[in-house]
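Below is one structure, written out as structure tokens; the observations come after it.
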Amino acid sequence: MSETVKAAYQEKQVIIDEIKDKFTKAQSAVVVDYIGITVDEANKMRKNLRDADVDYTVYKNTLVKRALEGTGYEELEQVLTGPSAFALSYDDATAPARILADAINDFKKMEFKGGIIEGTYYDSEGLKAIAKIPPRDTLIAKFLGSIQSPISKAVRTFKAIADAKAEEGGATEEKPAEAVKEEAKPAEKEAPVKADKKSAEEAKAEEKPAEEKPAEEAKSEE
């Protein structure tokens, strides 16, 4: 093998390793036929893809076929004919299909060839359906909004119940002033009903006058 051939082989191997590394890390990969778009259109599309963190590159089909071995993207080999550009996403799996669909609609050029989204293969029509799925951040926001709504409603309901109970517990009935005064008045002691029997008899004896002696007894004493 000449040095020139060897250098060319090594160069191809570097590209193959690069492609393989990208596909191994990607969550999704979409293949498009890019023929027909202008330089300005291509630059606009690339910017939109770059803003969404989508890797967009044109590779030779032969190199991609070799790189796909063992990556889980081998099914894409069936569409690797003619000009092919590859859009890969490492974060938002639906972003490549969504942004490329917008470009296809705007430019009236290009077309989907096929793609794999999170391990599932989709043809051109399937990618058009995938493109209608909102961005991940939008889906997350909608999901959070859907679960927060009933929670917020429940919190308001519980607060209303707690407030009602607090008002009920704080309100006390006031008793009339006379009733309060009557309750505060100490109970009077009952007067003794019966006096001591012995004390009554002694008092009666003290009130009785002394008895006079008969005349005969008085005379004899003289």
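The values are calculated or read from the model by the stated rules, or taken from the named source; none is laboratory data. For clarity, every value in this text was computed on a predicted model and none was experimentally measured. Cβ: placed from backbone, ideal geometry, glycine included. Neighbour counts: every protein chain shown. Each accessible area value is taken on the protein alone, full model and side chains, heavy atoms only, with ligands, DNA and RNA left out. Shrake-Rupley method; radii C 1.70, N 1.55, O 1.52, S 1.80 Å.
Tell me, what ³J(HN,Hα) does each residue in the stretch 26-39 have, in order and in whole Hz, if you take phi through Karplus 6.51 cos²θ - 1.76 cosθ + 1.60 with θ = phi - 60° and put x for Gly and Pro?
6, 8, 8, 9, 10, 10, 10, 8, 9, 4, x, 7, 7, 5
If packing is taken as the mean number of other Cβ atoms within 10 Å per residue, what is the order of 39-47, 84-92, 5-13, 25-33, highest first?
25-33, 84-92, 39-47, 5-13
For GLU111, what residues show an amide H to amide H distance below 5 Å, using hydrogens built from the backbone and excluding near sequence neighbours?
Close amide H contacts, sequence-distant or interchain: ASP33.
By the scheme Lys and Arg +1, Asp and Glu -1, what is the net charge of all other residues having a beta-carbon under 9 Å from that of LEU80?
Local net charge: +1.
With Cβ to Cβ distances under 12 Å as the rule, what net charge do the other residues near ILE19 carry (K, R +1; D, E -1)?
Result for the local shell: +2.
Pop out the ³J(HN,Hα) list for the stretch 19-25 in order, Karplus 6.51 cos²θ - 1.76 cosθ + 1.60 with θ = phi - 60°, rounded to Hz; leave Gly and Pro as x.
My calculation for the stretch 19-25 gives 4, 4, 5, 5, 5, 4, 8 Hz in order.
Mind checking the full-extension length gain between ARG46 and SER124? Use 0.36 nm per residue of separation minus the Cα-Cα distance, one decimal, nm.
Residue separation times 0.36 nm, minus the Cα-Cα distance, leaves 26.0 nm.
Got a number for carbon plus sulfur as a percent of the stretch 43-124's accessible area, 1.4 Å probe?
In the stretch 43-124, the share of accessible area belonging to carbon and sulfur is 44 percent.
Which entries in the list LYS20/LYS60; LYS22/LYS44; LYS60/LYS109; LYS60/LYS132; LYS47/LYS109; LYS22/LYS109 go over 19 Å, if you measure between the two C-alpha atoms of each?
Violating the 19 Å limit, Cα to Cα: LYS22/LYS44; LYS60/LYS109; LYS60/LYS132; LYS22/LYS109.
Pop out the ³J(HN,Hα) list for the stretch 115-125 in order, Karplus 6.51 cos²θ - 1.76 cosθ + 1.60 with θ = phi - 60°, rounded to Hz; leave Gly and Pro as x.
With the stated coefficients, the stretch 115-125 comes to x, 10, 10, 6, x, 10, 7, 10, 7, 4, 5 Hz.
Suppose each label sits 7 Å from its Cα in the direction of the beta carbon; what would the ASP163-ASP21 distance come out to in nanometres?
6.1
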